[in-house]
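Below is one structure, written out as structure tokens, with a few remarks after it.
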Amino acid sequence: MRFWLRNDEMALEEMVQRLNAVSKRTDEIMHYDISPLRAADIQDQLQKRFAYLSGGRGQDGSPVITFPDYPAFGDVPDKEFQNVMTYLTSIPSLQDAGIGFILVIDRRQDKWTSVKASILRIAASFPANLQLVLVLRPTGFFQRTLSDLAFRFNRDDFKMKVPVIMLSSVPELHSYIDKSQLTEDLGGTLDYCHSRWLCRRTAIESFALLVKQTAQVLQAFGTELAETELPNDVQSTSSVLRAHTEKKDRAKEDMRLALDEGRSVLESIREPLGRGPEQSPNQDQLDSQSTVQRLLAQLSETEAAFDEFWAKHQRKLEQCLQLRHFEQDFREVKAALDVLAQKIATFTDVGNSLAHVEHLLKDLASFEEKSSAVTQRARTLALEGERLIELKHYAVDSIRPKCHELHQLCDQFAADVGRRRGLLGRALDLHGLLEASMKWCDEGIYLLASQPVDKCQAQDGAEAALQEVEKFLETRAENKIQELSKIYQDYEPILTRDLLEHVQKVFRKQESVEEMFHRRQASLKKLAAKQTRPVQPVAPRPEAPAKSPCPSPGIRRGSEIHSSEGSVLRRGPYRRARSEVSEGRQGRGRSTGDEESLAVLRRHVMNELLDTERVYVEELLCILEGYAAEMDNPLMTHLISTGLQNKKDVLFGNMEEIYHFHNRIFLRELENYIDCPELVGRCFLERMEQFQVYEKYCQNKPRSESLWRQCSDCPFFQECQKKLDHKLSLDSYLLKPVQRITKYQLLLKEMLKYSKSCEGAEDLQEALSSILGILKAVNDSMHLIAITGYEGNLSDLGKLLMQGSFSVWTDHKKGHAKVKDLARFKPMQRHLFLHEKAVLFCKKREENGEGYEKAPSYSFKQSLNMTAVGITENVKGDAKKFEIWYNAREEVYIVQAPTPEIKAAWVSEIRKVLTSQLQACREASQHRALEQSHSLPLPAPAGTSPSKGNTKDVRKLEERKTDPLNLEGYVGPAPLPRPPEKDRGWSKTSNPPEAPEDNDGWSSAEEPVNSSDAEEEGRAGLRKLVPGKYTVTGLDEKGGPDALVLRSGDEVELVQEGDEGLWFVRNVSSGGEGWLPARNLSALLGQRGAPGCLSSPESSAGSALLSASSSCSESCAAALADLQG
């Protein structure tokens, strides 16, 4: 425990001494040191008035005590008489009391015996000095005569040392004491009221007691304050200071009341004196006034002593509070500085590129700016501590070390930041040198690649190219890494292992480029050298031989040609080999140059990706800190309008989630691919799931835009924009995430363009497709959330596959004929949403407004379950139309797409949905068939007539065997199926001959559905085959190991018709070829060029055969082939 220091102990001792002196002087003033009696103690005895002190004085100033006529004087007890005498003699001042008292005994109405008894009693018990005793003897003749005689003969019995004078009348008394000093009952003019005197004395003594008690209370209070323990925290110190102040205020209030009481007593003493100038105060009144004034002076002294002590005590508490505040702030600032020191210690990255180092410098500057508030607070706190020391704070020994520590921590942090900035500056220089060298190498590679080899073969071209090479080599001094050892020495503090490898890599590339230039320079010098043809001696030409008969021109030309050809043949292999070597060298040179050029382009795209990514992250952080965080700032609350309150999530959506993803994950991972940009597609693929956050942001964008339009003129936005110094308003920055997600696909396309022969090309293509898929999903979801009026849950319909606007005609079997005809010719504009389980028909409604307010809404009209949907791909008369029909064509919707391409995409997607549903139904049917196969009866022997039920089982078994999705498992000896009566988009499997021809087990959805073209054509028997492509709709009997096998769904081409009714057939799907009978082909092949139809089964799984027309796209055929395989 800590108590007051020495100065406080001295202050307490000084106050105690002064207050003890006040108490002592108060007792002296009231003569309590001589007689402790107070009027309040003997008030009843004084009220009997058998003696009183009127205030009169004798000629020499002796106090006069009057014993009035009191018949019962003899009955007053001795104790009471003694108390009254003691009290009355203690009232005058010591100086007056030292002169001696004059006693006036009035016994005019009494007897001599009473006079004698009174004198004897006074002589025996009077406690003070006596100067004179004046007795007014009885006025009766007998008693007066008796008193004269008795007094003469009994004078010695009184035993008094002062004279006792017997007076016969009042006038005789006036000869001893002036009339002005005697009361009216003694013939004087002195104004005296005994009850008033008694009240005054009681008040004076009460005030004196109050002064003494106040001094004692303040003394105890001061001791309590001085011994109070100094708290160790701000709150406790504030509480102690507040409690002591309250106690001080109460003590001061008590002193104020005491002063008011003293002034009131003094006023009551002075009041009679102001009634008239003829009345002059007597000595007793003057003594009382002096007593009260002296008591007031003692009370003022008491207050002054306490005020002086309180000032010191209060200062001590305030200094203690200042110390606690300083210590608390010191702990907080030191903790903050320690955190800053830890953070700056983690800044060890020196960057892997020039842009990265610049980004790190920006981060360091931002960190320093944010930490400046902490360091400024620390330095301000140190100055505050120094100010306390200058003001002579009692805890100087505790404050001074903390100030030194704060200065040391701030200086250390500044030194760490400066050291870090210096390292980054050196890293910036090194990366600048490396990038300059890389740029020089790239430019050199460009230069070498751009020089045409054919022109360099000529002397002029070689000289021009040589000048370019030599001029470029002159620039290497300022862009080249001269010595690795010097780099190691100059940049040793920042050379990490990765950076060292990068330096070595750049140096090797630089050497390689230099070597390429030197080789090119040597080659060009050789080509540029002027070639002088040497002069060789030639033998003289011999005489012309004798002319021979000229051969025929044809023979000569032939010989010449032969000779020439022989020459060519002789020189051909050498020249060809030389040419191939030359071309090979040029090809390798071009390929090397092209690869270097592509690498530079890839690096350029990667730098753009990283730079824009960093800017994007900084912009998001700026918005989150400058706008979103400020919405929670209490100082900015008054600027936020009512409509904007509690709407931060609506305005900013999940921008914070997007920022954390890019800042903490994606940007850091992108930086790992800076040296291998062609592999950056992997980074996108690994984080593709996290990109789904953009879908949520885009879905919220219309709400955000609507809120912005309502509150764009809010002062809050203007103030934030002013603080951020932005030229654009907030809505421009809220569009950044939408712009960024669309930017990625452009950058990936550029990267893929320059990386087609690289290792990561497939990853780039997949990443591009995934990003485009996300953009499509975002776009589709934006339309999906605008659907109104749908009572169900849209998520129950499965994934949204496609959406778009179409013209739709309806044709329903059930309905009035006029309505039906009207519906055929009047199209409806509908927006279709294709889900995995249903297709929705909605009416598009445009909204008024600007920006996102123009986003349409869709009123739900109708939904078709995909389990009962079928399509007809082609509709006569328009290549952009197709049919969607429902419940076996009870409802038909003719849909017209904006373009044939959109139609093809929709038909393909619907085919995929229906095919997947059909495959699921087939698999379920096969699973149930396998479970029931053990309970089926054995087939009846030949010649017996099977029952109807067994026939159905056999038929179902045969149908399972001829399942078009599982055709490879069937190798039975059954004869070829008969050709169908009509060529249909959907066809039934042929029954065995013994099966009854009924439709048991087929539902309405299983009935054959004809395309519009196929329904118009009907024929019986075999049809005429012509060369072309067809699709197999039946099953070929396997004739032998080498025979061409056709499966349902295969695409075949009839190449040529041979003898004996055989056709040469090429199986496009399997690649096989062979000769097949026309009779079999007629039964196996579908209609050439007929439109394909797809339908999904509704009740019986796997009851219809899927046939694809020859007009199906290759992708659909491949998908079906995969299913069949």
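The values are calculated or read from the model by the stated rules, or taken from the named source; none is laboratory data. Source: prediction; values computed, not measured. Using ideal geometry, Cβ is built from the backbone for each residue, glycine included, and neighbour counts are taken over all protein chains shown. In case anyone asks, the SASA skips ligands and DNA or RNA and just uses the protein heavy atoms, side chains included. Shrake-Rupley method; radii C 1.70, N 1.55, O 1.52, S 1.80 Å.
Heads up, I need the accessible area for MET255: 1.4 angstrom probe, whole protein in place, Å², nearest 10.
For MET255, solvent-accessible area is about 0 Å².
Round to a whole angstrom and tell me the spacing of the C-alpha centers of the range 432-476 and the range 760-776.
So the separation of the two Cα centres works out to 38 Å.
Pairs of Cα atoms under 8 Å, at least six residues apart: use those to get the relative contact order of the range 363-438, whole percent.
32 percent
So what's the net charge close to SER781: Lys and Arg +1, Asp and Glu -1, counting the other residues with Cβ under 12 Å from its Cβ?
Net local charge, SER781 excluded: +2.
To the nearest 0.05, what FRET efficiency results for VAL1068 and GLU909 with a Förster distance of 35 Å applied to their C-beta separation?
For R0 = 35 Å, the calculated efficiency reads 0.90.
Could you check the spin-label model distance between SER239 and THR742? Points 7 Å from the Cα along Cα→Cβ, value in nm.
Distance between the two pseudo-spin positions: 6.4 nm.
Give me the distance in nm between label points sitting 7 Å out from Cα along the Cα-to-Cβ direction at GLN412 and LEU735, one decimal.
My value for the distance between the label points is 5.1 nm.
Quick one: accessible area per residue over the range 330-383, 1.4 Å probe, rounded to a whole number of Å²?
With all protein chains present, the range 330-383 gives 54 Å² per residue.
For the range 834-931, report the accessible area per residue in Å² (1.4 Å probe, heavy atoms, rounded to an integer).
Values: 4480 Å² over 98 residues.
Accessible area per residue, the range 834-931: 46 Å².
So, R0 is 35 Å and r is the distance between the beta-carbons of GLU608 and LEU794; what FRET efficiency does that work out to, to 0.05?
Efficiency computed from Cβ-Cβ geometry: 0.35.
Let me know the shape class of the range 381-431, please: from the alpha-carbon gyration tensor, a ≥ b ≥ c as square roots of the eigenvalues, rounded when a/c is under 1.5, otherwise prolate if a/b is greater than b/c, or oblate.
Working: a/c = 8.95, a/b = 4.87, b/c = 1.84.
It is prolate, given that a/c is not under 1.5 and a/b is the larger ratio.
Expected output is a single nm value to one decimal: the length gained when fully extending between ALA464 and MET828, i.e. 0.36 nm times separation in residues minus the C-alpha distance. What is it?
Contour length minus the Cα-Cα distance gives 123.9 nm.
Give, as a single signed number, the net charge of other residues whose beta carbon lies under 11 Å from the beta carbon of ASP490, with Lys and Arg counted +1 and Asp and Glu -1. Before the final figure, lay out each step's value.
Values: positive: ARG426, LYS486; negative: ASP429, GLU483, GLU492.
Summing Lys and Arg as +1 and Asp and Glu as -1 gives -1.
Residue by residue through the range 511-523, which ³J(HN,Hα) values in whole Hz follow from phi under the Karplus form 6.51 cos²θ - 1.76 cosθ + 1.60 (θ = phi - 60°), with glycine and proline marked x?
Each residue's phi maps through the Karplus curve to give 5, 5, 5, 4, 4, 4, 5, 5, 5, 5, 5, 5, 5 Hz.
Classify the range 596-755 as rounded, prolate or oblate from the Cα gyration tensor: take a ≥ b ≥ c as the square roots of its eigenvalues, call it rounded if a/c is under 1.5, otherwise prolate when a/b beats b/c and oblate if not.
Prolate.
So how do TYR673, TYR858, TYR446 rank on accessible area, 1.4 Å probe, biggest first, that is with the largest at the start?
The most accessible residue leads, giving TYR446, TYR673, TYR858.
Counting only protein heavy atoms and a 1.4 Å probe, tell me what percentage of the range 669-752's accessible area is made up of carbon and sulfur.
C and S fraction of accessible area: 45 percent.
Quick check: residue separation of LEU1025 and HIS404 times 0.36 nm, minus the Cα distance between them. What number comes out in nm?
Gain on stretching LEU1025 to HIS404: 213.0 nm.
Apply 1/(1 + (r/R0)^6) to the Cβ-Cβ distance of ALA335 and GLN645, taking R0 = 45 Å, and write down the FRET efficiency to the nearest 0.05.
The computed FRET efficiency comes out at 0.85.
Which shape class applies to the range 31-91: rounded if a/c is under 1.5, otherwise prolate when a/b exceeds b/c and oblate if not, where a ≥ b ≥ c are the square roots of the Cα gyration tensor eigenvalues?
oblate
Beta carbons within 10 angstrom, averaged per residue: use that to sort the peptides 616-626, 339-349, 382-392, highest first.
Packing order, densest peptide first, comes out as 616-626, 382-392, 339-349.
Counting Lys +1, Arg +1, Asp -1, Glu -1, what net charge surrounds ARG400 among other residues with beta carbon under 15 Å of its beta carbon? List each step's numbers first, then the result.
On the way: positive: ARG387, LYS392, LYS402; negative: GLU327, GLU384, GLU386, GLU390, ASP397, GLU405.
My count for the surroundings of ARG400 gives -3.
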